[in-house]
1. Using amide H atoms built 1.01 Å from N in the peptide plane, name the residues 5+ places from residue 97, or on other chains, whose amide H lies under 5 Å from its own.
2. What's the tally of Lys pairs in segment 2-235 whose alpha-carbon atoms lie under 26 angstrom apart, where the two lysines are 8 or more places apart or on different chains?
3. Under the classification rounded if a/c is under 1.5, otherwise prolate if a/b is larger than b/c and oblate if not, where does segment 62-180 fall, given a ≥ b ≥ c as square roots of the Cα gyration tensor eigenvalues?
4. How high is the relative contact order of segment 62-167, in percent, counting Cα pairs under 8 Å that sit 6 or more residues apart?
5. Determine which residues of segment 115-142 fall in the zone a paramagnetic label at residue 95 would reach in this model, i.e. backbone nitrogen under 20 Å from the point 7 Å along Cα→Cβ.
6. Can you tell me, using C-alpha contacts under 8 Å and at least 6 residues apart, the relative contact order of segment 114-211 as a whole percent?
7. Around residue 106, with a cut-off of 11 angstrom between Cβ atoms, what is the net charge of the other residues, counting Lys and Arg +1 and Asp and Glu -1?
Amino acid sequence: MNEPAAHISGDFYNWFDLSSAPGDPSRTALLIGDVSGHGLPAAFLMATTQLILKNTLFASPDPGKCLTELNRQLCSWRIRGQFVTLLIMVVEYNESRILMASAGQAAPLLKRDNDCFSVSVESQLVAGVDPTMQYHTQSVPIRRGDQLLLFTDGVVETTNESGEQFGYSRLIEAFRNAPKEPQKTLHSILGAIAAHRQGNEPDDDLTMVAFQWSDPILDTRRTTDKSGHGLTNRFGSELHQRP
C-alpha cells in the first residue's frame, strides 16, 4: 500500500518474479524505497530508478551488485543533490533464503510463528552520492509460513496531535497482532497507524509491502489481469490516494 502525503508520492515499491521459465517463480524480487525531492523531478527519478533496477536484476539477481550499478548510473548523471533510499530483496525459494542489500532503507520485519523481529541487515549509504560505493548482499534464512513487512520511514515517523511518533515498537506490535494474510495485514497495520494519528495530517508518504511464503496450494493459485498476465496472490497490495 502507498498513501501519498501529496499528489505525487516520493515512495515506491514493486515486485516481480525472476523466473527461469513461465510459471516457475524460483525467485521473487521485492523493492521499496524513497526518492528525495518533490514533484516531477522526484517522479522522474523514481521511474528511472525502477527501470534500472528491473533490468539489472533480470541480468543478475544479486541485490548488492544491482545497487552498485544503480548508484554508479545515478552518480554519473549528476542529479543535483537528489538521492534514493532503497531496499532490494530477492526471495530464493529453492535455497530457503532471502538476499538483501540496503541503501539507507529500514530493515524489514519478519513474523515467524508467534515471534516478530527486525531482520538483521546492514544499511549502507544512500544511492546517488558516492560513485565508488560498493554495496553488499546479505543472506537471511527463511522458511515456509514466514511473513515479511517492508516499510518506509513515513510509517514509523507518523505523529499524533502531540507530536509523538508511531515508532518501531508500535509497528512491531501491530504486525504481530495482524491477521496472517498479506492484504489483511496491511489493512490492520494501517488501522493502527490511523488510530495513533488521531486525525493528524501525515507529513510524509506511507508505504508498506507485506509478503508471505505460502503453502504449496497457495503458491500455485494464480489470477489473471485484463492484459492476460498471470498475477500471483502472494502479496497484499493496494494504492490509497488522498483526496
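1. Amide H neighbours of residue 97: 92, 142.
2. Summing the qualifying lysine pairs gives 5.
3. oblate
4. Across segment 62-167, relative contact order equals 30 percent.
5. Zone members listed by number: 119-124, 134-142.
6. With pairs under 8 Å counted, the relative contact order is 35 percent.
7. Charge balance in the 11 Å sphere: -3.
Each value in this text was obtained by applying a stated rule to the coordinates, not by laboratory testing. Predicted model, so just to flag it, every value in this text is computed and none were measured. In this analysis, Cβ positions are derived from the backbone assuming ideal geometry, glycine residues included, and neighbour counts consider all displayed protein chains.
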